[in-house]
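Scroll down for the structure; my scribbles are underneath it.
The values are calculated or read from the model by the stated rules, or taken from the named source; none is laboratory data. These numbers come from a predicted model, not from an experiment. Using ideal geometry, Cβ is built from the backbone for each residue, glycine included, and neighbour counts are taken over all protein chains shown.
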Amino acid sequence: MDVRRWLTDWIGSHGGFEKSAARIAEDVNFIDAQWLDSFGVMEMVDAVEVEFGIRFEKQDFESQDFLTIGGLARLIERHRVN
């Protein structure tokens, strides 16, 4: 499954934006945009780890990549390779 699509679908169904025909920008900070609150982020982390069979590490949560769909997708893809 395409990681970016999965993230967009998950955030769209659990977060604060309404999915439309327009593509959701992959570089928008989903916390600043209020698509997810802190509880939503915790739920997403759990869902991602289960769906993709990965475990995030402490430094992942400190990375700016963690805050956008595009960046998070890159983090997930890196973990899937390792």
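Taking only the range 46-82 into account, find how many residues are of a type in the set (V, I, T) and within 12 Å of the chain's Cα centre (by Cα).
Here the count works out to 4.
Taking the range 48-69 as the search range and keeping residues that are in contact with a Lys or Arg (Cβ under 7 Å, 6 or more places away or on another chain) and crowded, with 16+ Cβ neighbours inside 10 Å, which one is nearest to E26 (Cα to Cα)?
Ranking the candidates gives I69 first.
When you go through (1) surrounded by fewer than 17 Cβ atoms within 10 Å (Cβ to Cβ); (2) out of contact with any helix residue (DSSP H, G or I) (no Cβ under 7 Å at 6 or more places or on another chain); (3) at pLDDT below 95 one by one for V45, which number turns out not to apply?
Only one criterion is unmet by V45, namely (3).
In the range 54-76, how many residues are modelled with pLDDT of 95 or more and within 15 Å of M1 (Cβ to Cβ)?
4
Could you please find all residues in the range 36-82 being of a type in the set (K, R), touching a residue at least 24 places away in the same chain (Cβ under 8 Å) and part of a helix (DSSP H, G or I)?
Result: R80, single match.
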